[in-house]
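Have a look at the structure below before the remarks.
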Protein chains: 2
Amino acid sequence: MLDFNFCVPTNFIFGRDTHKKVGETIKGLGYKKVLVNYGGTFLQETGLLDVVLNSLKNSGLEVVELDGVLPNPRLGLVYRGIELCRAEKVDIVLAIGGGSTIDTCKAIAAGVPYKGDVWDYYMTGEPVLEALPIGVILTIPASGSESGCGSMITNEENGLKRGAGGPGLYPKFAICNPELTYSLPTVQTACGMADMFTHVCERYFSNTQDTYIIDAMDEGFFRSLIEIAPKLLKDPNNYNLRSEIMWMGTIAHNDTLGIGRVQDWGTHDMGHEISGMYDTTHAFSMSIMLIAWMKYVYTHDIERFVRYAKYAFSIKTEGKTREEIALEGIQSTEMFMKDIGMPVRLSEIGISDTNFEEMADKALIGKEHIGNFVELKKDDIIKIYQLAK
Amino acid sequence: MLDFNFCVPTNFIFGRDTHKKVGETIKGLGYKKVLVNYGGTFLQETGLLDVVLNSLKNSGLEVVELDGVLPNPRLGLVYRGIELCRAEKVDIVLAIGGGSTIDTCKAIAAGVPYKGDVWDYYMTGEPVLEALPIGVILTIPASGSESGCGSMITNEENGLKRGAGGPGLYPKFAICNPELTYSLPTVQTACGMADMFTHVCERYFSNTQDTYIIDAMDEGFFRSLIEIAPKLLKDPNNYNLRSEIMWMGTIAHNDTLGIGRVQDWGTHDMGHEISGMYDTTHAFSMSIMLIAWMKYVYTHDIERFVRYAKYAFSIKTEGKTREEIALEGIQSTEMFMKDIGMPVRLSEIGISDTNFEEMADKALIGKEHIGNFVELKKDDIIKIYQLAK
């Protein structure tokens with residue numbers, strides 16, 4: 001096990017009706033003026049926005065609203081949020097939504113006390129130590145951003161999608177009410193599950209040796225998700241299944257399932273270039289690239305892929321070669337993604353090989369390689385994009 | 001999944017040489033005067049105490065020492081610590097040790113700002129909201145107390161062993177260096193592993209239904225521990241195995257493996273009465289009572305015991321009845337405990353049935369029943385003690 005620091009100070013407030021107490025929660029922390037950040041039309045249509053705003057106002061809090069978050073959230077809105085917080089002297093930002101909204105809020109929170117351009121954090125990798133406090137009402141379990149200190153933002157001027165992070169960006173609290181996810185469109189529910197699957201894969205496929213407990217918990221995660229996903233898609237108003245998935249999204253990305261090991265993240269780096277260039281849904285890019293990545297790298301450590309096949313998919317091993325078992329695990333991953341409605345090839349979402357070289361170049365900006373399980377250079381990345389065609 | 005709050009704000013600083021930076025860590029948090037609490041002779045013999053004291057002094061911190069922690073830690077030392085902290089105006093308490101020392105420090109930390117008798121917290125169950133900050137250098141992975149907000153203390157005047165807890169008692173930081181555990185006696189290493197095994201059992205055996213992810217992670221925990229334990233006892237200076245066990249002890253008891261469900265804790269309640277009356281090593285009491293408890297309750301939900309047998313011990317199920325599989329799981333648990341050197345019967349540690357009734361009465365003070373998987377009343381508790389003879 002490698003040395004690590006682990007600290008997730010976020011207070012998770014999980015269960016029915018928890019969002020109705022957001023005003024009390026924020027007031028109890030001593031804050032006075034809240035930037036409420038969201039996107040889409042879901043919050044207004046369902047009346048959720050009113051419930052939240054009423055809770056805030058009834059607790060005597062002042063409220064400033066910032067609408068307009070889009071998937072693959074944009075730097076432009078971040079700049080607007082920073083200006084708004086400064087002008088209005090906001091002392092906490094509240095994200096209502098999923099990863100895009102939370103990541104936007106984190107970027108705003110980082111930018112308010114920072115003297116330079118907040119995009120610096122995204123290009124330099126400097127850790128964010130100081131930021132406005134952040135609260136979350138989670139409506140889309142997928143990104144795990146409610147439990148992490150990272151933020152992904154797309155700079156719409158140059159199409160670069162980049163991450164920033166640091167201990168200043170952990171949300172103070174995350175209100176998680178599984179009922180708020182009942183009305184998610186099927187595709188978005190599925191995308192969330194695909195997303196969290198890849199989050200654990202990035203941690204599981206590691207060269208760090210003898211990693212018993214995290215491996216076993218990751219395998220338990222895969223096994224659970226594979227069992228729950230089809231059930232939930234058939235029964236979207238099942239509170240229990242929704243709650244399992246909501247918590248799984250959280251732990252998939254706060255390193256509960258990844259401490260003490262070198263993680264990979266090559267799939268994400270390659271996928272981000274697709275989303276950055278074509279504005280593709282994040283989970284679609286991830287699903288496609290995960291399968292292609294697995295096919296490209298499995299021979300590097302076939303025993304790890306055998307273990308994955310055995311414990312994640314309960315694949316029988318008798319009478320099969322190690323390679324057959326490993327490949328069956330990869331095929332099962334592909335089938336799992338297909339079964340929940342994810343694309344598994346770029347052609348399914350209308351992307352050709354036109355820009356593979358440019359995407360590979362962009363993925364490598366400022367880096368010698370991406371990925372760690374296998375270190376991927378330009379040629380490798382292009383070959384993986386080819387496998388994903 | 002039941003509603004829950006989950007917040008473990010502790011900063012885990014895990015790895016080699018981390019204890020040498022304890023002075024910097026405390027100074028960085030802004031504190032000035034440290035009560036250093038420990039017990040036994042290990043710290044002096046190994047030179048660890050000097051290393052820690054030097055780190056503190058080199059960072060300009062004032063130090064007050066409180067020696068004398070015993071296993072099943074006593075209220076008397078807690079009172080002395082509270083007086084010392086008040087007289088010396090200490091602003092942080094530092095535990096160097098395992099559960100007994102950490103729990104003593106928590107009791108001291110709770111008592112300093114409290115106007116009444118700190119034992120009130122232990123008898124009333126009132127949550128501890130205010131306490132001195134607590135830091136930990138972990139030398140015995142077992143109790144998980146470095147990551148929890150609970151404290152168990154024995155009142156030597158009446159033999160009662162009771163728990164208190166509350167959000168004020170989470171350690172600010174826990175320094176975990178697996179190397180510090182190399183010199184633990186074999187029996188103590190084994191006790192730690194037995195202890196963490198029971199911590200997860202108390203969470204796993206639940207009537208809460210459809211608990212996918214926590215069940216799967218718990219099963220991964222059992223599987224890992226069963227694999228690691230004999231290896232570590234043969235190879236006690238194996239850094240990697242020591243580090244796995246150190247982190248497993250932490251997550252076994254901070255509800256990473258137990259959120260969203262009714263937990264049991266009957267085994268602990270019965271075991272505490274043995275330790276309280278006979279000063280028996282905590283893990284011995286736990287090992288003995290876990291096996292007896294399993295034998296008494298398994299028919300209540302045989303499918304849960306089947307699942308336990310299958311995923312924890314990889315027991316083959318073909319051609320066996322559900323009951324046979326369940327019983328094989330229990331037998332395997334007994335063998336596991338025996339193999340790592342734990343007693344599995346009270347007679348092995350010289351305890352007869354003389355006080356079963358008194359222990360049952362004590363376990364039920366202030367309670368209708370103990371346990372939740374099966375609610376245990378006086379007759380049940382006595383029968384389980386009988387099974388443990």
| If you take the residues in the stretch A:22-50 that are within 14 Å of chain B (Cβ to nearest Cβ) and exposed (fewer than 15 other Cβ atoms within 10 Å of the Cβ), which one is nearest to A:Glu179 (Cα to Cα)? | A:Glu24
| task | Inspect the stretch B:291-304 for any residue being in contact with a Lys or Arg (Cβ under 8 Å, 6 or more places away or on another chain) and without any contact (Cβ under 8 Å) to a residue 40 or more places away in the chain and give the result as yes or no. | result | yes
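Among the candidates A:Ile102, A:Ile108, A:Ile82, A:Ile92, which residue alone is at pLDDT 95 or above, assigned by TED's automatic domain parsing to the domain that holds A:Val22, touching a Phe, Trp or Tyr at 6+ places or on another chain (Cβ under 7 Å) and surrounded by 17 or more Cβ atoms within 10 Å (Cβ to Cβ)? Give the steps one after another, and end with the answer.
Values: A:Ile102 fails: touching a Phe, Trp or Tyr at 6+ places or on another chain (Cβ under 7 Å); A:Ile108 fails: touching a Phe, Trp or Tyr at 6+ places or on another chain (Cβ under 7 Å); A:Ile82 fails: touching a Phe, Trp or Tyr at 6+ places or on another chain (Cβ under 7 Å).
Only one candidate passes the filter, namely A:Ile92.
Mind checking which residues of the stretch A:368-389 are in contact (Cβ under 8 Å) with a residue 24 or more places away in the chain and not in a helix (DSSP H, G or I)? Full working, then the answer.
Within the stretch A:368-389, the first condition is being in contact (Cβ under 8 Å) with a residue 24 or more places away in the chain, and the residues that meet it are A:370-374, A:376, A:380-389.
A:Ile370, A:Gly371, A:Asn372, A:Phe373, A:Val374, A:Leu376, A:Ala388, A:Lys389 - these are the residues of the stretch A:368-389 that are in contact (Cβ under 8 Å) with a residue 24 or more places away in the chain and not in a helix (DSSP H, G or I).
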| For the stretch A:310-335, which residues satisfy the criterion of being under 15 Å from A:Phe197 (Cβ atoms), in contact with a helix residue (DSSP H, G or I) (Cβ under 6 Å, 6 or more places away or on another chain) and not acidic (Asp, Glu)? | A:Tyr311, A:Ala312, A:Phe313, A:Gly329, A:Ile330
| field | Single residue of the stretch B:77-102 satisfying the filter (small (Gly, Ala, Ser) and more than 24 Å from B:Asn177 (Cβ to Cβ)) that is nearest to the chain's Cα centre (by Cα) | value | B:Gly81
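Does the stretch B:118-131 hold any residues that are closer than 14 Å to B:Cys85 by Cβ and surrounded by fewer than 22 Cβ atoms within 10 Å (Cβ to Cβ), and which are they?
At the first step, the residues of the stretch B:118-131 found to be closer than 14 Å to B:Cys85 by Cβ are B:118, B:130-131.
Across the stretch B:118-131, the qualifying residue is only B:Glu130.
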| field | Answer from A:Glu328, A:Glu323, A:Glu244, A:Glu318 - the residue that is buried (at least 24 other Cβ atoms within 10 Å of the Cβ) and more than 23 Å from A:Ile351 (Cα to Cα) | value | A:Glu244
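Suppose we keep only residues that are among the polar types (S, T, N, Q) and either free of Cβ contacts under 8 Å to residues at least 60 places away in the same chain or farther than 21 Å from B:Gly249 by Cα (or both) within the stretch A:209-232. Which one would you say is farthest from the other protein chains (Cβ to nearest Cβ)?
So the first thing to find is which residues in the stretch A:209-232 are among the polar types (S, T, N, Q), and the list is A:209, A:211, A:224.
Right, trim to either free of Cβ contacts under 8 Å to residues at least 60 places away in the same chain or farther than 21 Å from B:Gly249 by Cα (or both) and you get A:209, A:224.
Numbers: A:Gln209: 8, A:Ser224: 4 Å.
Taking the candidates together, the pick is A:Gln209.
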| message | The conditions are (1) in a strand (DSSP E or B); (2) within 22 Å of B:Lys367 (Cβ to Cβ), and B:Met123 fails exactly one of them. Which is it? | response | (1)
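B:Met337 - would you say it is in contact with an Asp or Glu (Cβ under 6 Å, 6 or more places away or on another chain) and either assigned by TED's automatic domain parsing to the domain that holds B:Met277 or part of a helix (DSSP H, G or I) (or both)?
Numbers: in contact with an Asp or Glu (Cβ under 6 Å, 6 or more places away or on another chain): no; either assigned by TED's automatic domain parsing to the domain that holds B:Met277 or part of a helix (DSSP H, G or I) (or both): yes.
Against the criterion (in contact with an Asp or Glu (Cβ under 6 Å, 6 or more places away or on another chain) and either assigned by TED's automatic domain parsing to the domain that holds B:Met277 or part of a helix (DSSP H, G or I) (or both)), B:Met337 does not qualify.
Restricting attention to the stretch A:163-184, which residues are under 23 Å from A:Trp119 (Cβ atoms) and in contact (Cβ under 8 Å) with a residue 60 or more places away in the chain?
The first filter runs over the stretch A:163-184 and keeps only residues under 23 Å from A:Trp119 (Cβ atoms), leaving A:163-171.
Result: A:Pro167, A:Leu169, A:Tyr170, A:Pro171.
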| Residues being farther than 20 Å from B:Val136 by Cβ and part of a loop (DSSP other than H, G, I, E, B) - total across the stretch B:78-120 | 5
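Here is a yes/no grid of residues against (1) over 23 Å from B:Thr256 (Cα atoms); (2) touching a Leu at 6+ places or on another chain (Cβ under 6 Å):
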| site | (1), (2) |
| --- | --- |
| A:Asp218 | no, yes |
| A:Pro236 | yes, no |
| A:Ala252 | no, no |
| A:Leu257 | no, no |
| A:Gly260 | no, yes |
| A:Trp265 | yes, no |
| A:His268 | yes, no |
| A:Val297 | yes, no |
| A:Arg307 | yes, no |
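Report yes if B:Asp264 is modelled with pLDDT of 95 or more, assigned to a loop (DSSP other than H, G, I, E, B) and in contact with a Cys (Cβ under 9 Å, 6 or more places away or on another chain), otherwise no.
Working: modelled with pLDDT of 95 or more: yes; assigned to a loop (DSSP other than H, G, I, E, B): yes; in contact with a Cys (Cβ under 9 Å, 6 or more places away or on another chain): yes.
Yes: the conditions hold for B:Asp264.
Every residue in the stretch A:150-185 that is within 17 Å of A:Ile96 (Cβ to Cβ) and among the aromatic types (Phe, Trp, Tyr), please. Before the answer, list the steps.
First, pick out the residues of the stretch A:150-185 that are within 17 Å of A:Ile96 (Cβ to Cβ): A:151, A:171-184.
Scanning the stretch A:150-185 gives A:Phe173, A:Tyr182.
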| With respect to B:Arg203, is the statement that it is more than 9 Å from every other protein chain (Cβ to nearest Cβ), among the charged types (D, E, K, R) and in a loop (DSSP other than H, G, I, E, B) true? | no
| Exactly one of (1) in contact (Cβ under 8 Å) with a residue 60 or more places away in the chain; (2) not in a helix (DSSP H, G or I) is unmet by B:Thr250. Its number? | (2)
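For the stretch A:11-21, name all the residues that are facing another protein chain (nearest Cβ under 7 Å) and either in contact with a strand residue (DSSP E or B) (Cβ under 9 Å, 6 or more places away or on another chain) or among the polar types (S, T, N, Q) (or both). Quick ask: steps written out before the conclusion?
So in the stretch A:11-21, the residues facing another protein chain (nearest Cβ under 7 Å) come out as A:11-16.
Answer for the stretch A:11-21, where residues must be facing another protein chain (nearest Cβ under 7 Å) and either in contact with a strand residue (DSSP E or B) (Cβ under 9 Å, 6 or more places away or on another chain) or among the polar types (S, T, N, Q) (or both): A:Asn11, A:Phe12, A:Ile13, A:Phe14, A:Gly15.
Out of the residues in the stretch B:172-187 meeting the condition of being among the hydrophobic types (A, V, I, L, M, F, W, C) and surrounded by fewer than 23 Cβ atoms within 10 Å (Cβ to Cβ), tell me which one is farthest from the other protein chains (Cβ to nearest Cβ).
So the first thing to find is which residues in the stretch B:172-187 are among the hydrophobic types (A, V, I, L, M, F, W, C), and the list is B:173-176, B:180, B:184, B:187.
Next, from what is left, pick out any that are surrounded by fewer than 23 Cβ atoms within 10 Å (Cβ to Cβ): B:184, B:187.
Working: B:Leu184: 18, B:Val187: 22 Å.
Here the residue is B:Val187.
Outside any helix (DSSP H, G or I) and either within 25 Å of the chain's Cα centre (by Cα) or under 18 Å from B:Leu225 (Cβ atoms) (or both): is that true of B:Val297 in this structure?
On the way: outside any helix (DSSP H, G or I): no; either within 25 Å of the chain's Cα centre (by Cα) or under 18 Å from B:Leu225 (Cβ atoms) (or both): yes.
No, not satisfied.
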| note | A:Ala190 vs (1) within 14 Å of another protein chain (Cβ to nearest Cβ); (2) at pLDDT 95 or above: all pass except (1)
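Yes/no per residue for (1) assigned by TED's automatic domain parsing to the domain that holds B:Ile213; (2) of a type in the set (Phe, Trp, Tyr); (3) modelled with pLDDT under 95; (4) more than 23 Å from B:Val262 (Cβ to Cβ):
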site	(1), (2), (3), (4)
B:Ile302	yes, no, no, no
B:Lys320	yes, no, no, yes
B:Lys367	yes, no, yes, no
B:Gly371	yes, no, no, no
B:Leu376	yes, no, no, no
B:Ile381	yes, no, no, no
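The values are calculated or read from the model by the stated rules, or taken from the named source; none is laboratory data. Values in this document were obtained by computation on a predicted structure and should not be read as measured data. Every residue, glycine among them, receives a Cβ derived from its backbone with ideal geometry; neighbour counts consider all protein chains shown.
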